[in-house]
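One structure is given below, encoded as structure tokens.
The values are calculated or read from the model by the stated rules, or taken from the named source; none is laboratory data. Just so we're clear, the structure is a prediction, and the values are computed from it rather than from any experiment. Using ideal geometry, Cβ is built from the backbone for each residue, glycine included, and neighbour counts are taken over all protein chains shown. Accessible surface is based on the protein model in full, side chains and every heavy atom, while ligands, DNA and RNA are left aside. Shrake-Rupley method; radii C 1.70, N 1.55, O 1.52, S 1.80 Å.
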Amino acid sequence: MDNNTRVRDILSRSAGKSVAVLGAGVTGRAVMRLLAQAGYQVYVIDEKLVHSGKREQIEQFGCNLKEQFKGGTSDLAWLRGVDPSFAVVSPGISLEGQLVTLIRSARIPILTEIDIAVAFLGSPLVAVTGTNGKTTCANLIFQMLKKSELPVHLVGNVGNPFVDLIQADELKGKGTRNLDPLMVAEVSSYQLEGAFDFSPQISVCLNVQDDHLERHGTINEYAKIKARIFANQKSDSQSWSLIWKDDPFYKIYRQYLNAQEMFFGIGSVSQGPASLVSDDYQSLTIKTNTLEQSFSLRDFKLIGKHNYLNIAASSAAALLAGARPEAIQAVINEFETLPHRIEPILENAGILYINDSKGTNTASVIAALEGLGAKYPRRPVVLLLGGKNKQQSWKELTDFFGGRVRQAILFGGDRELIAKIIENCTPDFFKRAVRVEVDLEQALHAAQSIAEPGDIVLLSPGCASFDAYSGFEERGEHFRRLLIDWAKQ
């Protein structure tokens, strides 16, 4: 029995029965809504306290909530009483964590959202992963295909769950689908962990950098999980694996590759399939064994070398997926910075304020600093760092301190820990140019008192936001609101 048949069989056998959804995040709420509409008795289990807005949604769907599930005696008794026929685990819940371990020990079948999606929707036309840049890349591909008048959907880690495309009647075995939807999907390592039958026609891995090691253990294990995006692709003329030509983890990916390979990067066009930005960043050439297509980058608006890698990967993926060259060129010319990604908010008294709340690891902060250095070579940075620290190296980032970064202001839950790390890396800079504030608002006020005309105040936290916010989006919106309110005074 293949996995798609297994998933459909589990759902069919469990019709009308109790089922569990592990995690109350965006994906979990989409799954619970679909299952509730299909007539299942849905129990939502979350290891944390669920805030009121999510709780209200769960109640509206007619689902039951068990929050702060710790696996104690009373929790286990509750789980035995519910006796779920299967459980759907959300991406934010570790497959090796206590909750999933308890579910497995109770012999409850476990599904993921991607299991359900592939069983009812098929695999995406294009899937994109990577530590940094995947949302930008997925959005670029989606816009290129959409402008080519293809009926495409953007799904996955961008906040549009796969299962939103499934009708409840399909789970009941009543609905029919004449044609699988064309999907461009952003997929995280958390999603790829359980993506056993995930077989995109075109797969893109942008990069693997220090991130999520608190969940995946080592960077090599993290790279192996990212490589799962390639593992089930077909070896036919329509299937492609796109890989950064300078990726240090290519030896790991090679063990998983089945489809044709295309490398993207910056440099001269080489033999074999490639998508390469010219050394002067003015043009892009995409070459396979059967075609060669060039695009101008003179009007490309995004900042930073990493965004030129994004445009090389996304343009090639879109072209291979059937986008028209003129549509690709139009999107290259028109595409604006996505919110919270090196996003200028305002300039006041000669000081430029930039929101890079999506900078949730040190590699992305470095990319922001390098990009701003290329665009504004004479403008020093007052850098706002902080939040929930990850198991990552800070050394490479602190090499910018005292040069590009003339002042660093730390805030958030792990500010004292980060202060100690920076002090160990660069004690002189720490003594003269690091301030520690409680929260983002106080950090911004400190930056406004320090910044001088010509400076850039950059929010690029290098940390997760979950110490104080529901996600990087809420943190970035808070930063924007603080600035706009201040500018009105």
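Here are a few things to note about the model shown:
- Burial order of peptide ranges 132-141, 86-95 (average beta-carbon count within 10 Å, highest first): 132-141, 86-95
- Structural descriptor for the stretch 402-459: relative contact order 38 percent, calculated from alpha carbon pairs under 8 angstrom and at least 6 residues apart.
- Among beta bridges that DSSP assigns inside the stretch 202-361, antiparallel share in %, nearest 5: 50 percent
- With contributions of -39500 (n - 2.57) from each DSSP H run of at least four residues, the per-residue ellipticity at 222 nm computed over the chain stands at -11000 deg cm²/dmol.
- Protection proxy ranking, highest mean first, for peptides 16-26, 399-409: 16-26, 399-409, where packing is the per-residue count of other beta-carbon atoms within 10 Å, averaged.
- Among (1) 52, 34, 20; (2) 46, 27, 17; (3) 37, 31, 20, the entry that matches semi-axes √(5λ) of the Cα gyration tensor in Å as calculated here: (3)
- Whole-number percent relative contact order across the stretch 3-141, with pairs defined as alpha carbons under 8 Å at least 6 apart: 27 percent
- Cα centroid separation, the stretch 338-388 to the stretch 289-314 (Å): 22 Å
- q = 0.13, 0.25 Å⁻¹: log10 I(q)/I(0) that the Debye formula gives for the stretch 425-489, counting C-alpha atoms only: -0.43, -1.28
- For the chain, with all protein chains in place and a probe radius of 1.4 Å, 46% of the accessible heavy-atom surface sits on carbon or sulfur.
- Heavy-atom SASA rank of R341, R107, R8 (probe 1.4 Å, accessible area, largest first): R107, R8, R341
- Distant-in-sequence amide H partners of S18 (H built 1.01 Å from N, under 5 Å): Q41, S85
- Surface exposure of the stretch 135-191, expressed per residue as accessible area with a 1.4 Å probe, stands at 44 Å².
- Its Cα gyration tensor gives the stretch 214-297 an equivalent ellipsoid. The semi-axes, each the square root of 5 times an eigenvalue, are 26, 17, 9 Å from largest down.
- Using a Förster distance of 45 Å, the FRET efficiency for R177-E56 (Cβ separation, nearest 0.05): 0.90
- Rotationally averaged projected area of the stretch 313-463 (alpha carbon convex hull; nm²): 10.1 nm²
- Projected-area average for the stretch 5-50 over all orientations - Cα convex hull basis, square nanometres: 3.3 nm²
- Restricting attention to the stretch 176-297, close to 40% of DSSP beta bridges with both partner residues there are antiparallel.
- A Cα-only calculation for the stretch 161-308 places Rg and Dmax at 17.9, 56 Å.
- In the context of the full set of protein chains, residues of the stretch 240-375 present 40 Å² of accessible surface per residue (probe radius 1.4 Å, heavy atoms only).
- Under the criterion of Cα pairs below 8 Å and six or more residues apart, the relative contact order for the chain equals 11 percent.
- Two-site FRET efficiency, E292 against A330, from Cβ-Cβ distance with R₀ of 25 Å, rounded to 0.05: 0.80
- Annotation: K245 carries an accessible surface of approximately 90 Å², with a 1.4 Å probe and no ligand, DNA or RNA atoms counted.
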